[in-house]
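Below is one structure, written out as structure tokens, with a few remarks after it.
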Amino acid sequence: MRLRAAGAYLEVADLVLDEQGREEFFNVAAGLAVLAGVAASDAICARRLGRIHRGDNHRAASELLQQATPDGAKLASTFLRLIDVKDEAHYGVTVVSARKARDTLRWARQLVDRAQEEVER
């Protein structure tokens, strides 16, 4: 279920990012990418550890992700990059740059792809 949500968030983020002439859509795309990354992280942890992070501190979820797989340190690092954009994308009064929005989607895609690998194992 979480993996399906991650894929849906990522798909919509791609569509939003492709919209022309609406700078505020960069925030929407980045925000959706963050949600995709969180859902993908949950899917990996659920599959590998049988549990997911609960709580408001998303940064703490990276510790659980780090333990979940042999490449957990790399995944956690990618996850933290996404979380660093979360407040700006979701609550910021400034517009996320086009580059940051694209980077955020790329990081989320890495996590979603890795979660898909875990589900297919």
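Some values worked out for this structure:
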{"read-out": "Matching option when the condition is in contact with a helix residue (DSSP H, G or I) (Cβ under 9 Å, 6 or more places away or on another chain) and at pLDDT 95 or above, among 14, 103", "value": "103"}
{"read-out": "Those helices (runs of 4 or more DSSP H) lying entirely in the range 12-121 with at least 3 residues crowded, with 20+ Cβ neighbours inside 10 Å and in contact (Cβ under 8 Å) with a residue 60 or more places away in the chain", "value": "25-49, 98-120"}
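The values are calculated or read from the model by the stated rules, or taken from the named source; none is laboratory data. It should be emphasised that the depicted structure is a prediction, and the values quoted were computed from it without experimental measurement. Don't worry about glycine lacking a Cβ; one is built from the backbone with ideal geometry, like all the others, and counts go over all protein chains shown.
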